[in-house]
Amino acid sequence: MTYSLDTILQLENSTEFNRLHQQFHQFNPLKVLRVDQYEIRHSNVLAWLFDPNENHRLGSFFLRKVLMNLITKPENEEKIVGIDYLPFLHAPLSDVTVHREWWTGNGAIDLLIDIPSLNLMLLIENKFHSSESAGQLSHYFDHVHETFPNRNILPVYLTLSSDAPSHDDYWFLDYEDVRLMITQELELNRATIADNIYDFLSYYIALLEERLVDDEETMNTGLQLYQDYASAIHLLYANANPAKQKQIELRQAVKTLETFDAETKRHLLLIYNRKRQTINYIFKTGGNILHQAFLEFVNEQAMTTYSAHTRVPNFVMNDWLPYLEQMDRLNRYWLNYGLIIWFERKGSKRLKLYVEVGPIDYAERLPLLEALEAKNISFWKSGKQEGKKFTRIYTETIEVSDWTNAVVVKEAMTSLIDDSSFRSFSKMVTDVFANLYIIKA
């Protein structure tokens, strides 16, 4: 790859680059205040929403939605045993006290919510940008137990993408859940929400969507711009982000920067700062190894039905497809089939494979789960209860030696589905389908 300053001029003159920048540069007062840049400001918004006595005049909708979401989220399924969660639906929550930055003597808990009517302390560690520190979750959990010995403790690890907490007692929650809860409230109750509150929450949703929602057209534009102008993106990004200069893909750009004088670097920084978000998006999208690896994976495996989602690429096995076609199609569930398989990066080194039975009708769901169980496919027994929508029936994890190499990641994906345990599992699922469904000619 050739690194030269004229490629930056070519990037600046690109119609697609300027169109993408225009898309990211739409007015949002929360971005003006840099709410998106600091976890503490996200925590402030959440604290405001959690408090039913705040001036949003939405009552306890958000707190109640979060409590119910924690119970129904598949990642938390094994934690609900022994939890008396029915009161979450109807208990008055007007007595809530929301504490911000609760000091523990060694660090501060982002959000600590006292709910006397449920005899519950909701402890929320918010990780929008950063990751947890060693021993942090244990310390916070122990502190709340010691400080409020008569309260039940519900500790929550809130992240952008359901990252796994190091402490087993913490429940999963992610910002996609938050986005969907607020969006639903705005859609269902628009007529009763004050205009200024509606506008504020709409801006907050837009801010979250920039981080969470993968618009395929925008992503493809970012990928194409990265392919066409990678050297310009690398120079601008590396010059403005010294802490990231050790990344493999930036090494050549860093060597080139060493040949530039201070005035040239100053100009590069000015260019970057004017279009920081657009350049960052192109760099992140172009470097999305999971997406690239998955496309190579499905091509190599000749998978016919898949979605190359940037964070959770998903598919169904070709052998399953004729049977899945006999089931009712689902709305708003992955590929709209009753079963789904997906990959997800976990932490800095691991790739995880999931298989899940989705929210098909209970009259169809129960016989399917019982037939899978008869084949010794294990899952949480509560998954067979009426009202359950999501049941994980297979998970496996593998270490990835190099997350900067799409070939290495693709080989990890291949290893997960070529493993004898998955092959045996997949055949058992196919056999169950064959016994339950007749393929129509």
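Of the numbered conditions (1) more than 30 Å from ASN239 (Cα to Cα); (2) modelled with pLDDT of 90 or more; (3) polar (S, T, N, Q), THR278 fails exactly one; give the number of that condition.
(1)
So, of the residues in segment 343-365 that are in contact with an Asp or Glu (Cβ under 8 Å, 6 or more places away or on another chain) and more than 18 Å from THR72 (Cα to Cα), which turns out to be modelled with the lowest pLDDT? Before you say what the answer is, go through the steps one by one.
Initial filter on segment 343-365 (in contact with an Asp or Glu (Cβ under 8 Å, 6 or more places away or on another chain)): 346-347, 349-354, 360-362, 364.
Subsequent filtering for residues that are more than 18 Å from THR72 (Cα to Cα) retains 346-347, 349-353, 364.
Details: LYS346: 81, GLY347: 69, LYS349: 80, ARG350: 88, LEU351: 93, LYS352: 94, LEU353: 97, GLU364: 94.
So, considering only residues that are in contact with an Asp or Glu (Cβ under 8 Å, 6 or more places away or on another chain) and more than 18 Å from THR72 (Cα to Cα), the one modelled with the lowest pLDDT is GLY347.
Any residue in segment 80-98 that is of a type in the set (Gly, Ala, Ser) and assigned to a strand (DSSP E or B)? Before the answer, list the steps.
Step one: list which residues in segment 80-98 are of a type in the set (Gly, Ala, Ser), which gives 82, 91, 94.
If we keep only those that are assigned to a strand (DSSP E or B) as well, we get none.
For segment 80-98, residues of a type in the set (Gly, Ala, Ser) and assigned to a strand (DSSP E or B): absent.
Look through segment 286-308, keep the residues that are in contact with a Pro (Cβ under 9 Å, 6 or more places away or on another chain) and aliphatic (A, V, I, L, M), and return whichever of them is farthest from ILE248 (Cα to Cα). Explain how you work it out, then say what you get.
Filtering segment 286-308 for residues in contact with a Pro (Cβ under 9 Å, 6 or more places away or on another chain) gives 290-291, 293-295, 297-298, 306-307.
Now restrict to residues that are aliphatic (A, V, I, L, M): 290, 293, 295, 298.
Values: LEU290: 16, ALA293: 17, LEU295: 22, VAL298: 26 Å.
Filtering first and then ranking leaves VAL298.
Which of the residues that make up segment 344-395 are on the phi > 0 side of the Ramachandran plot and either part of a helix (DSSP H, G or I) or among the polar types (S, T, N, Q) (or both)? Spell out the reasoning first.
As a first pass, look at segment 344-395 and keep what is on the phi > 0 side of the Ramachandran plot: 347, 376, 387.
Within segment 344-395, ASN376 is the sole residue that qualifies.
Scan segment 391-400 for residues that are surrounded by 16 or more Cβ atoms within 10 Å (Cβ to Cβ) and acidic (Asp, Glu) and report the count.
1
Taking into account only those residues within segment 370-390 that are of a type in the set (A, V, I, L, M, F, W, C) and farther than 18 Å from LYS73 by Cβ, which is surrounded by the fewest Cβ atoms within 10 Å (Cβ to Cβ)? Walk me through how you get there before you give the answer.
Residues of segment 370-390 that are of a type in the set (A, V, I, L, M, F, W, C), as a first pass: 371-372, 374, 377, 379-380, 390.
Adding the requirement that they be farther than 18 Å from LYS73 by Cβ leaves 371-372, 374, 377.
Working: ALA371: 17, LEU372: 23, ALA374: 11, ILE377: 17.
Across segment 370-390, the extreme among qualifying residues is ALA374.
Quick one: count up the residues across segment 122-148 that are in a loop (DSSP other than H, G, I, E, B) and modelled with pLDDT under 95. Walk me through it before giving the result.
Residues of segment 122-148 that are in a loop (DSSP other than H, G, I, E, B), as a first pass: 128-135, 148.
Cutting the leftovers down to modelled with pLDDT under 95 gives us 128-135.
The total comes to 8.
Residue by residue, here is whether (1) polar (S, T, N, Q); (2) surrounded by 15 or more Cβ atoms within 10 Å (Cβ to Cβ); (3) touching a residue at least 60 places away in the same chain (Cβ under 8 Å) holds:
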residue: ASP402; (1), (2), (3): no, no, no
residue: LEU416; (1), (2), (3): no, yes, yes
residue: PHE422; (1), (2), (3): no, yes, yes
residue: PHE425; (1), (2), (3): no, yes, yes
residue: MET428; (1), (2), (3): no, yes, no
residue: VAL432; (1), (2), (3): no, yes, yes
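Pairs please, first residue from segment 111-128 and under 17 Å from LEU89 (Cβ atoms), second anywhere and among the polar types (S, T, N, Q), Cβ atoms under 9 Å, 6+ apart in sequence or on different chains.
Final answer for the pair search is ILE115/THR97; SER117/SER94; LEU118/ASN152; ASN119/ASN150; ASN119/ASN152; LEU120/ASN152.
Can you go through ARG311, ARG345, ARG329 and tell me which one is surrounded by fewer than 18 Cβ atoms within 10 Å (Cβ to Cβ) and farther than 30 Å from ASN435 by Cα?
Numbers: ARG345 fails: surrounded by fewer than 18 Cβ atoms within 10 Å (Cβ to Cβ); ARG329 fails: farther than 30 Å from ASN435 by Cα.
When all the criteria are applied, what remains is ARG311.
Using beta carbons and a limit of 9 Å, which pairs, at least six apart or on different chains, have the first residue in segment 64-84 and under 23 Å from ASP114 (Cβ atoms) and not assigned by TED's automatic domain parsing to the domain that holds TYR170 and the second one surrounded by 15 or more Cβ atoms within 10 Å (Cβ to Cβ) and small (Gly, Ala, Ser)?
none
Any idea which of THR278, THR305, THR259 is in contact (Cβ under 8 Å) with a residue 40 or more places away in the chain and either at negative phi or aliphatic (A, V, I, L, M) (or both)?
Working: THR305 fails: in contact (Cβ under 8 Å) with a residue 40 or more places away in the chain; THR259 fails: in contact (Cβ under 8 Å) with a residue 40 or more places away in the chain.
Checking each option against the conditions leaves just THR278.
Which members of segment 189-240 meet the condition of being charged (D, E, K, R) and in contact (Cβ under 8 Å) with a residue 12 or more places away in the chain?
Selection gives GLU209, GLU210, ARG211, ASP214, ASP228.
Give me the pairs: first residue in segment 176-187 and closer than 15 Å to ARG211 by Cα, second residue of a type in the set (A, V, I, L, M, F, W, C) and not in a helix (DSSP H, G or I), beta-carbon distance under 9 Å, and six or more apart or on different chains, which are they?
As it stands, the answer is GLU176/LEU160; GLU176/VAL213; ASP177/LEU158; VAL178/LEU158; ARG179/VAL213, since those pairs meet every condition given.
Could you tell me whether any residue of segment 40-62 is buried (at least 16 other Cβ atoms within 10 Å of the Cβ), modelled with pLDDT of 90 or more, outside the structural domain of LEU154 (by TED's automatic domain parsing) and within 30 Å of ARG274 (Cβ to Cβ)?
no
The values are calculated or read from the model by the stated rules, or taken from the named source; none is laboratory data. Since the model is a prediction, treat every value here as computed from it, not as a measurement. Cβ coordinates were reconstructed from backbone atoms using ideal geometry, including for glycine residues, and neighbour counts include every protein chain displayed.
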